[in-house]
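To keep things clear, I will list the structure first and then write my remarks on it.
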Amino acid sequence: MNKFRFCSNCWGYACVGPSTYKDSPGLFIEMGNDGRYAPQLYKLYVNGELYEIPDNIPRLVEEGTMSHPVLSWRYGHGCIRLLGTSKISVQKCGSSLEIWVSPDFHNMLYGLCGSYDDNVTNDFTKRDQSVAPLEPNPSGPVFPDSWEVTGNCTIAAGRRKRDATDVEGCDVDNSTKDALLDQCSDVSQMANGSVPDAELQTMMADCMFDLCSVYKNTSGDSAALTEYLGEILTSTEEIVDSSKKTTDNDPIPPPLTTASPTTTVPPPDSAVQYPQE
């Protein structure tokens, strides 16, 4: 599976605002409209109709009295997950949005980032805040690649290892890098032993990239760095909790392929695991 981590209007992955999951042309599921954190996060808007995710059992989302072929459930540390027929799965937490895209997905990936502000020109905002062209072209993969945190891998494969001190785009002096790395050591202390070593290194590199961006965009404002580090640690807690539950026999149903509004979803198959990075 290919895994991506996204943000909304900020420098890194730890500041996701309201998001929209579009599983089919006629189905819009809005997440986070009433607040970033649980229990407000459990409230979805399905084509404008309020639907509250009741528990951690996968159920079809409802629009009034009609069900749609998208499963939703509460997950982990105040997170939610959506799984539909589009071969794109979403996990939204208070400070992170993670997307799994099946290797069988061959359509264009439009609108995965950018603000939901009717301004299509910023939909392809890359992680460094530059904007990729809208039109499909040979450089098209540059946009999703800028947000990808793992290669095309199997469930058993680990993340690519990354050196936290060698962060592309973090063009600050070595003493500043050392100071930022020292701040990011809180991430290592929180996650060490709970996630694979390769993932821990990736999280450290993410932290370095984000704090470096904040440093450059705020001229090194210490209050801004401290506040943002708090967001990163909240996201780290979510990721650690998610990792623990994913490896602790946390099954999900098989992807929906032929579901209809009247489909009865079978009990989760204990042999099917949600994809790990």
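For the residue pairs Lys22/Lys216; Lys43/Lys87; Lys87/Lys216; Lys92/Lys126; Lys22/Lys177, the alpha carbons lie more than 30 Å apart in Lys22/Lys216; Lys87/Lys216; Lys22/Lys177. Scoring 228-240, 40-52 by mean Cβ neighbours within 10 Å over their residues and listing the highest first yields 228-240, 40-52.
Take the Cα of Ala179, step 7 Å toward its Cβ, do the same at Ser219, and the gap between the two points is 1.4 nm. Its residue count N sets the reference 2.2 N^0.38 Å, and the alpha-carbon radius of gyration of the stretch 18-75 equals 1.01 times that reference. Count Lys and Arg as plus one, Asp and Glu as minus one, and take only other residues whose Cβ is under 13 Å from that of Leu41; the net charge is then +1. Fully extending the segment from Lys126 to Ile57 would add 21.4 nm, taking 0.36 nm per residue of separation and subtracting the current Cα-Cα distance. Start at zero, step by 5 Å, and the Cα-Cα distances of the stretch 174-246 spread as 3, 17, 29, 23, 14, 8, 4, 1 percent across the bins.
Computed from the coordinates by the stated procedures, all read-outs in this text should not be read as laboratory data. Here the structure is a predicted model, which is why all the values come from computation and not from measurement. Don't worry about glycine lacking a Cβ; one is built from the backbone with ideal geometry, like all the others, and counts go over all protein chains shown.
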